[in-house]
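The values are calculated or read from the model by the stated rules, or taken from the named source; none is laboratory data. All values derive from a computational prediction rather than experimental measurement. Cβ coordinates were reconstructed from backbone atoms using ideal geometry, including for glycine residues, and neighbour counts include every protein chain displayed.
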Amino acid sequence: MIDACAQEKKPLSTIATALARIASAIESVTETESITLKNALGRVLAEPIYSTINSPFDRNSAMDGYAFSSTDLIPELAISLTQVGISWAGQPYQGTLKAGQCIRIFTGAVLPSETDSVIMQEQVQVKDSSVILPAQTKGQQHVRAVGEDIKQGDLVCAAFKKITAIDLGLLASVGINNLVVKRKVNIAFFSTGNELTALGQTLESGKIYDSNRYLLSGLLTDACYQVTDLGVIADDPQQLEDCILAAAKNHDLIISTGGASVGDADYIKEVLARCGKVDFWKLAIKPGKPLAFGKINDCHFFGLPGNPVAVVVTFQHIVAPALEQLSGISMSQPLQLLAKCTNALKKSPGRQEYQRGLVSQDNNGELLVASSGQQGSNILSATSAANCYIVLPVECSGIQPGEQVRIELIKGVDSSVINH
């Protein structure tokens, strides 16, 4: 059986084709701003950052112990050294060591220039000022060299990198406090549909609560984005046109949900034809076949389907990569892994499907995946329960238990469930 939705006069566009066309149409924002490191998490660097210092700045100890010179070692014999002082973290030893002498040293403390080795405190015997090093003690160990992590002049973070929590620590370790980043991308979004009811109101027959705006609000939570919720716009061509034209004046991108199909009340196509240049695509994916992409003056536009699961799938696989590029990051391909499917999956050839699944790992490290529930494009509960997509290619006609399938982990889902 062939997917009935794939029976079209024109071939359906693949995701790869859609992403290529989007990539060729979108350029990164060019404006920048200066911020402090404290406010840099999740922002995109506009220029590379090089270190002005060595890290570590000094030779220092990798552990608590005793610093000594390897020239004092006698092969195969224990030796006794005289402790003459202490080097604390932040308070280096100020004296000069002679042959046969050592100092007490703590992790991160500076090594005197006369020493090149540290022995762990647990490996020595101490009596008064005598420190006995056992036979077989090795020299030139447990010492962190100057610039071992980063040398002066090294590239610390490349341009167009999105700053992570680890990057914050790395940049702070070389004294970077001020950064130049890409400005935030201004995004507006709205839902369409006379059937939508606001939360807090009593639901009437024929109506549904507006879930898509809350869904998009969560998906658009990112330090790179400045987001405006335009609310619900009725199925009225003039209201839609007024909303889109006003939003296009001061936003980089507009996202709508609903009204992008071919129903009598789907006015997005009609309105956008008057407002700007927009392509309407039928994508060879499920869920999420109808999608609009284009531009209104200088503002990009995405018209997503109305079914909430289709909103999730099209956002994560099409809109999110476009937003990365708009923010200054290269569009990335999602990581796919192989897993053994533990239940049968229904599918008709014709479209690539993103079925929602639950992946786990057995005691041997093998990934196992099962359907998370009903796969209708309106079934948010199965999507909420899922931690991955089961990616079934266009030509697939179903999966039997035990077959290998490709999966993509869903971003933002607690990965700890994979091990259960």
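Remark: pairs (first residue in segment 393-406, more than 20 Å from L12 (Cα to Cα); second residue of a type in the set (D, E, K, R) and assigned to a strand (DSSP E or B); Cβ separation under 9 Å; 6+ apart in sequence or on different chains) = P401/K340; G402/K340; E403/K340; Q404/K340; V405/K340.
Just so you know, in segment 277-305 the residues that are surrounded by fewer than 19 Cβ atoms within 10 Å (Cβ to Cβ) and part of a loop (DSSP other than H, G, I, E, B) include one that is modelled with the highest pLDDT, and it is D298. The numbered conditions (1) over 30 Å from L81 (Cβ atoms); (2) touching a residue at least 60 places away in the same chain (Cβ under 8 Å); (3) surrounded by 12 or more Cβ atoms within 10 Å (Cβ to Cβ) are all true for T197 except (2). Kindly indicate the residue of segment 321-340 that is within 16 Å of C388 (Cα to Cα) and among the polar types (S, T, N, Q) and also surrounded by the fewest Cβ atoms within 10 Å (Cβ to Cβ) among those meeting that condition. So, considering only residues that are within 16 Å of C388 (Cα to Cα) and among the polar types (S, T, N, Q), the one surrounded by the fewest Cβ atoms within 10 Å (Cβ to Cβ) is Q333.
Residue by residue, here is whether (1) under 30 Å from L155 (Cα atoms); (2) at pLDDT below 95; (3) crowded, with 17+ Cβ neighbours inside 10 Å; (4) out of contact with any Asp or Glu (no Cβ under 8 Å at 6 or more places or on another chain) holds:
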{"position": "A23", "(1), (2), (3), (4)": "yes, yes, no, yes"}
{"position": "T30", "(1), (2), (3), (4)": "yes, no, no, yes"}
{"position": "E33", "(1), (2), (3), (4)": "yes, no, no, yes"}
{"position": "K38", "(1), (2), (3), (4)": "yes, no, no, yes"}
{"position": "L41", "(1), (2), (3), (4)": "yes, no, no, yes"}
{"position": "Y50", "(1), (2), (3), (4)": "yes, no, no, no"}
{"position": "F68", "(1), (2), (3), (4)": "no, no, yes, yes"}
{"position": "A78", "(1), (2), (3), (4)": "no, no, no, yes"}
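Only a single item in (1) touching a residue at least 60 places away in the same chain (Cβ under 8 Å); (2) within 21 Å of V227 (Cβ to Cβ); (3) not polar (S, T, N, Q) is not met by L283, and it is number (2). Tallying residues that are in contact with a strand residue (DSSP E or B) (Cβ under 6 Å, 6 or more places away or on another chain), surrounded by 16 or more Cβ atoms within 10 Å (Cβ to Cβ) and either farther than 18 Å from I15 by Cβ or not charged (D, E, K, R) (or both) within segment 341-355 yields 5. Residues in segment 125-161 that are surrounded by 14 or more Cβ atoms within 10 Å (Cβ to Cβ), within 32 Å of the chain's Cα centre (by Cα) and of a type in the set (A, V, I, L, M, F, W, C): I150, V156, C157, A159, F160.
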